[in-house]
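Peer 1: Sharing a structure with you now.
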Amino acid sequence: MNTDLHQIIRSNRGLSEEHRQYFLYQILRGLKYIHSANVIHRDLKPSNLVLNANCDLKICDFGLARPTAKSNKNGLGLLLLSTSLSCSPPSSATVTTILNLSQIEENKAAIGRSGAIPLLVNLLECGGFCGKKDASTALYSLCSAKENKIRAVESGIMKPLVELMANFRSNMVDKSAYVLSILVSVLETCAALVEECGIPVNPAGNWYTERADHDKA
């Protein structure tokens, strides 16, 4: 997006009546959609209404958003898709929102379908320390759902996990190991781990070596 409504208001450029009506229509349509997903934004203001050159308006920054008691998991997933895809890697506020929503078990699959997991994997690989830490926490929570484990593996999570575990200066060894421990219960993870670093893993989630197998024989 090129700008936000706050910047336009401050510029004193003036808005035609048609522009005002069009912006208001889009705001109301966006709020209707958000509320249909049983989510409350809680921070609606001009700086959180972004615009492009075609005057297309989007509501952003769901850092303070909260689901209602009637939260609809499918609507929630679509809502997260529209917000999380607006930035790559996702902001700290977006990751916090995803983590909070993932505490509701039935939301996890919907969040996975929203497209959030590839963005979290990207943040785990390319973000700063705080970003990596937030991403690993969110991924650990989301990947208790089997389909999200597969999504994470398909998004390339093994590479950043192995790199962080191998780098003791990253201060991410334990967190990365926790995420990996929850992933290795699916066959896709085992194959990806072998491909990434040559560490054999059986489907039960146990690391083993040829030497260990030889000793058992």
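The values are calculated or read from the model by the stated rules, or taken from the named source; none is laboratory data. Because the structure is predicted, anything quoted here is derived from the model rather than measured. Counting neighbours? That spans all protein chains shown, and the Cβs are built from the backbone with ideal geometry, glycine included.
Peer 1: If you go through segment 30-55 one residue at a time, how many are among the charged types (D, E, K, R), modelled with pLDDT under 90 and exposed (fewer than 14 other Cβ atoms within 10 Å of the Cβ)?
Peer 2: Qualifying residue count, segment 30-55: 2.
Peer 1: If you scan segment 1-29, which residues turn out to be surrounded by 11 or more Cβ atoms within 10 Å (Cβ to Cβ), under 26 Å from the mean Cα position of the chain (by Cα) and either among the hydroxyl-bearing types (Ser, Thr, Tyr) or not in a helix (DSSP H, G or I) (or both)?
Peer 2: Selection gives Met1, Thr3, Asp4.
Peer 1: Continuing with this model, one more query. Could you please find all residues in segment 107-130 being in a helix (DSSP H, G or I) and either at positive phi or of a type in the set (Gly, Ala, Ser) (or both)?
Peer 2: Within segment 107-130, Ala109, Ala110, Gly112, Ala116 meet the criteria.
Peer 1: Looking at segment 150-173, which of the residues that are part of a helix (DSSP H, G or I) and in contact with a Lys or Arg (Cβ under 9 Å, 6 or more places away or on another chain) is nearest to Ala116 (Cα to Cα)? If you could, list the steps in order and put the result at the bottom.
Peer 2: From segment 150-173, those part of a helix (DSSP H, G or I) are 150-154, 158-166, 168-170, 173; that's our starting set.
Filter once more, so that each one left must be in contact with a Lys or Arg (Cβ under 9 Å, 6 or more places away or on another chain): 151, 160, 164, 170.
On the way: Arg151: 10, Pro160: 17, Leu164: 21, Ser170: 24 Å.
Filtering segment 150-173 for residues that are part of a helix (DSSP H, G or I) and in contact with a Lys or Arg (Cβ under 9 Å, 6 or more places away or on another chain), the one nearest to Ala116 (Cα to Cα) comes out as Arg151.
Peer 1: What do you reckon, is Ile104 among the β-branched types (Val, Ile, Thr), assigned to a helix (DSSP H, G or I) and under 30 Å from Val39 (Cα atoms)?
Peer 2: Values: among the β-branched types (Val, Ile, Thr): yes; assigned to a helix (DSSP H, G or I): no; under 30 Å from Val39 (Cα atoms): yes.
For Ile104, the condition - among the β-branched types (Val, Ile, Thr), assigned to a helix (DSSP H, G or I) and under 30 Å from Val39 (Cα atoms) - is not met.
Peer 1: I've got another one for you. Does Pro118 meet the test of being farther than 22 Å from Arg66 by Cα and touching an Asp or Glu at 6+ places or on another chain (Cβ under 6 Å)?
Peer 2: Numbers: farther than 22 Å from Arg66 by Cα: yes; touching an Asp or Glu at 6+ places or on another chain (Cβ under 6 Å): no.
No: the conditions fail for Pro118.
Peer 1: Also: Residue check: is Glu147 within 24 Å of Ala110 (Cα to Cα), assigned to a helix (DSSP H, G or I) and not aliphatic (A, V, I, L, M)?
Peer 2: Criteria met by Glu147.
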